[in-house]
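*Asks:* Below is one structure. I have some questions about it.
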Amino acid sequence: MKTKAVWLKLAILMAVTLVLLMVLSRIGWLVDDRQERQREATQGVAASQAGEQMLLGPMVTRWCVESWVDTTGTGKDLRVERQRREFTLMQLPTHLSVDGQLNQETRYRGLFKVRGYAGRTTLKAHFADLAALVPVAEHKDGQLTCADPQMAVSMSDPRGLQAVEVRRGADALPVVSGTGHSTFPRGFHTALRNLATDQPLDLLVTLQLTGTTRFSVVPAASATEVHLRSDWPHPSFGGRFLPSPATRKVDANGFSAQWTISELATDAVSDVLKGQKDVDTLDFSMVDPINPYVMSDRAIKYGVLFIVLTFVCVGMLELMAGRRVHPVQYLLVGMAISMFFLLLLSLSEHLSFAASYGAAAAAVVGLLGFYGAAMLGRVGRGIGFGALIALLYGALYVVLIQEQAALLIGALLLFGVLVVVMVVTRRIDWYALQGGQDAARDPGPPTARPGEQDRA
């Protein structure tokens with residue numbers, strides 16, 4: 001009967017674990033909902049202020065028209081038609097230098113933080129010549145008419161442009177909204193008069209801009225050098241190019257990164273000239289490494305492991321103390337473990353993740369230590385049980401913070417638990433715990449009946 005009771009209890013504990021899995025899944029859905037609201041907050045800030053910024057330029061363009069006369073037929077059927085075509089010529093820099101100091105600017109939408117940036121960016125463009133702006137007629141006797149060249153800089157969200165200054169040598173040039181480019185219409189432009197197409201041109205563009213989360217540059221020049229700095233200590237570099245390891249510096253005070261890109265390494269120049277929208281970029285993003293929703297989601301993924309390890313601790317203490325623990329008590333302990341993840345999620349929206357984790361863990365450890373004293377019959381056992389739970393929470397925190405070593409730490413944790421269980425239970429007679437199974441296996445010699453003993 002005792003053997004059946006053991007298996008029945010194991011079955012009940014499996015059912016309890018399934019119930020707790022449902023609780024964890026509901027908390028996981030809540031985390032997903034908060035993450036979606038975080039994304040909506042980011043989109044809301046981008047829609048009302050300025051979104052991600054991508055810079056392209058400076059580029060010099062020139063709008064031209066070629067007109068000609070087509071004649072068809074002869075005599076009375078002679079027809080004369082005037083034709084024209086419009087086209088835009090473009091010259092990209094020989095050398096482009098981008099220098100930016102973009103410091104973090106945190107914005108809020110309710111409880112949600114949105115990482116943004118603001119700062120000064122300068123674009124220095126050198127054009128060896130402007131031969132690409134000289135029009136060529138494609139038809140016989142075609143007449144060419146061209147407007148003055150203009151310099152344009154494209155931005156993905158011009159609302160973030162707080163101030164702009166364009167200089168050609170010592171002369172400041174007036175700026176007009178829009179680029180006049182069909183593929184990259186957003187941005188600004190300025191007219192360039194009295195240009196000699198066989199002479200070099202140097203332009204200096206100074207921008208005071210803001211943006212959200214991500215900043216990128218299109219290396220549309222024969223040679224591009226980019227130097228970006230920020231006080232944000234957790235950048236994520238992306239795009240088609242990473243900064244040079246020798247010049248990249250990231251520490252608690254921020255980061256500094258440099259890129260050097262040749263037109264031989266990118267199709268950005270040809271793609272811009274062809275009017276293609278998807279072009280190569282280099283960029284950085286302001287990533288929060290301790291995002292409360294990401295960390296809570298990762299913690300919940302360890303929830304099943306935590307519940308199982310907690311049940312192992314209860315089972316070991318139950319075995320060593322010789323005191324039976326009811327499945328309902330296992331359920332209550334599991335519910336307390338599940339509540340930890342809900343407390344962590346709710347507190348992390350108001351406190352730092354470390355403080356939230358410490359407060360939630362302390363609350364659950366205190367509750368389980370108090371309850372364990374009554375469940376296991378002694379205060380010392382309750383304190384020991386609370387200490388084991390605190391050790392598990394400490395291990396989980398290390399796993400969450402050390403993301404790159406999470407697999408190694410988790411494997412070592414499981415192996416350590418297995419070692420402890422095997423060492424503690426190495427002298428336990430498991431057959432004896434099943435209530436006489438050994439006797440059933442070895443019934444011993446038969447006992448003589450009373451009548452047979454008298455005859456003997």
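The values are calculated or read from the model by the stated rules, or taken from the named source; none is laboratory data. Every value quoted in this text rests on a predicted model; they were computed, and no experiment measured them. Methodologically, a virtual Cβ is constructed for each residue, glycine included, from the backbone with ideal geometry; neighbour enumeration extends over all protein chains shown. Remember, those area values only see protein heavy atoms, side chains included, never the ligands or the DNA or RNA. Shrake-Rupley method; radii C 1.70, N 1.55, O 1.52, S 1.80 Å.
*Asks:* Please go through the range 341-365 and pick out each residue that is in contact with a Gly (Cβ under 9 Å, 6 or more places away or on another chain) and in contact (Cβ under 8 Å) with a residue 40 or more places away in the chain.
*Replies:* Scanning the range 341-365 gives a single hit, Phe341.
*Asks:* Might you let me know whether the range 17-33 holds any residue that is of a type in the set (Val, Ile, Thr), under 30 Å from Tyr117 (Cα atoms) and open to solvent by 20 Å² or more (accessible area, probe 1.4 Å)?
*Replies:* Step one: filter the range 17-33 for residues of a type in the set (Val, Ile, Thr), giving 17, 19, 23, 27, 31.
Those left that are additionally under 30 Å from Tyr117 (Cα atoms): 31.
Still in the running and open to solvent by 20 Å² or more (accessible area, probe 1.4 Å): none.
No.
*Asks:* Further question on the same structure: Got a sec? Which strands (runs of 3 or more DSSP E) wholly within the range 184-254 have at least 1 residues that are within 14 Å of Lys124 (Cα to Cα) and open to solvent by less than 50 Å² (accessible area, probe 1.4 Å)?
*Replies:* Numbers: elements: 187-191, 201-212, 214-217, 223-230, 235-239, 249-251.
Once the strands (runs of 3 or more DSSP E) in the range 184-254 are filtered for at least 1 residues that are within 14 Å of Lys124 (Cα to Cα) and open to solvent by less than 50 Å² (accessible area, probe 1.4 Å), what remains is 201-212, 214-217, 223-230.
*Asks:* Return the residue satisfying two criteria in turn: it lies in the range 146-176 and is open to solvent by less than 60 Å² (accessible area, probe 1.4 Å) and of a type in the set (S, T, N, Q), and of such residues it is farthest from Trp63 (Cα to Cα).
*Replies:* Ser156
*Asks:* Please list, ordered by first then second residue, the pairs with beta carbon atoms under 9 Å, 6 or more apart or interchain, first in the range 376-391 and farther than 19 Å from His326 by Cα, second part of a helix (DSSP H, G or I) and open to solvent by 50 Å² or more (accessible area, probe 1.4 Å).
*Replies:* Ala390/Ala362
*Asks:* If you don't mind, another one. Out of everything in the range 64-112 that is assigned to a strand (DSSP E or B) and touching a helix residue (DSSP H, G or I) at 6+ places or on another chain (Cβ under 8 Å), what residue ends up being most open to solvent (accessible area, probe 1.4 Å)?
*Replies:* Start the filter on the range 64-112 by keeping residues that are assigned to a strand (DSSP E or B), which leaves 64-72, 79-91, 95-109, 112.
Okay, now just the ones that are also touching a helix residue (DSSP H, G or I) at 6+ places or on another chain (Cβ under 8 Å), so 89-91, 107, 109, 112.
Details: Leu89: 30, Met90: 28, Gln91: 32, Arg107: 20, Arg109: 102, Phe112: 14 Å².
Selected residue: Arg109.
*Asks:* What residue, among those in the range 46-63 that are under 38 Å from the mean Cα position of the chain (by Cα) and open to solvent by 60 Å² or more (accessible area, probe 1.4 Å), is modelled with the highest pLDDT?
*Replies:* Checking each candidate, the answer is Glu52.
*Asks:* Give the residues of the range 146-177 that are in a loop (DSSP other than H, G, I, E, B), under 41 Å from the mean Cα position of the chain (by Cα) and touching a residue at least 24 places away in the same chain (Cβ under 8 Å), sorted by residue number.
*Replies:* Let us first name the residues in the range 146-177 that are in a loop (DSSP other than H, G, I, E, B), namely 147-149, 156-157, 169-170, 174-175.
From the residues that got through so far, the ones that are under 41 Å from the mean Cα position of the chain (by Cα) too are 156-157, 174-175.
Across the range 146-177, the qualifying residues are Ser156, Asp157.
*Asks:* Out of the residues in the range 124-145 meeting the condition of being open to solvent by less than 60 Å² (accessible area, probe 1.4 Å), outside any loop (DSSP other than H, G, I, E, B) and touching a Pro at 6+ places or on another chain (Cβ under 6 Å), tell me which one is nearest to Arg229 (Cα to Cα).
*Replies:* Step by step, filter the range 124-145, then rank; the result is Ala125.
*Asks:* For the range 379-412, what are the residues that are within 23 Å of Met335 (Cβ to Cβ) and open to solvent by 40 Å² or more (accessible area, probe 1.4 Å)?
*Replies:* Passing the criteria: Val379, Arg381, Ile383, Ala387, Leu388, Ala390, Leu391, Tyr397.
*Asks:* Given the conditions (1) farther than 30 Å from His227 by Cβ; (2) open to solvent by 20 Å² or more (accessible area, probe 1.4 Å), and given that Ile307 satisfies all but one, which numbered condition is not satisfied?
*Replies:* Of (1) farther than 30 Å from His227 by Cβ; (2) open to solvent by 20 Å² or more (accessible area, probe 1.4 Å), only one is false for Ile307: (2).
*Asks:* Give me the residue from the range 276-304 that is open to solvent by 20 Å² or more (accessible area, probe 1.4 Å) and among the β-branched types (Val, Ile, Thr) and, out of that set, nearest to Leu342 (Cα to Cα).
*Replies:* Ile300
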